[in-house]
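Heads up, the thing below is written out as structure tokens.
The values are calculated or read from the model by the stated rules, or taken from the named source; none is laboratory data. Note that this is a predicted model, so its numbers are computed, not measured. Neighbour counts run over all protein chains shown; Cβ positions are idealised from the backbone, glycine included. For accessibility, only protein heavy atoms count, side chains too; no ligands or nucleic acids. Shrake-Rupley method; radii C 1.70, N 1.55, O 1.52, S 1.80 Å.
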Amino acid sequence: MQQECEMKNRLKVLRAERDWSQADLAVRLDVSRQAVNAIETGKYDPSLPLAFRIGRLFDMAIEEVFDDGDGND
């Protein structure tokens, strides 16, 4: 049986630290504001290429932005 894991992320905090709106971040990532909102609220997990773009934008490893909650760090 496959277990669904909830992907958590720090995107909202990282964005707020830079005083960026969701629209500002969306422009920087070349996605819609709705996509940024969906990622922040956990309704959508980004594709791997988008996750890498997010990591590069914040100068962080993907694992520093996203956490799958499995506890195996």
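Classify the chain: rounded, prolate or oblate, from the alpha-carbon gyration tensor (a ≥ b ≥ c, eigenvalue square roots; a/c under 1.5 rounded; otherwise prolate if a/b is larger than b/c)?
Prolate is the answer for the chain, as a/c is 1.5 or above and a/b outweighs b/c.
Determine which residues of the stretch 52-68 fall in the zone a paramagnetic label at MET7 would reach in this model, i.e. backbone nitrogen under 16 Å from the point 7 Å along Cα→Cβ.
Of the residues in the stretch 52-68, 52-57, 61-68 have backbone N under 16 Å from the label point off MET7.
Counting only heavy atoms of protein chains, what accessible area per residue, in Å², does the chain have with a probe of 1.4 Å?
Spelled out: the 1.4 Å probe surface of the chain, per residue, equals 73 Å².
Sorting check: for 28-38, 11-21, which peptide has the highest mean count of neighbouring beta carbons within 10 Å, and how do the rest follow?
28-38, 11-21
Would you mind calculating the gained length between SER32 and ASP59 on full extension (0.36 nm times residue separation, minus the Cα-Cα distance), in nm to one decimal?
Extra length available between SER32 and ASP59 comes to 7.6 nm.
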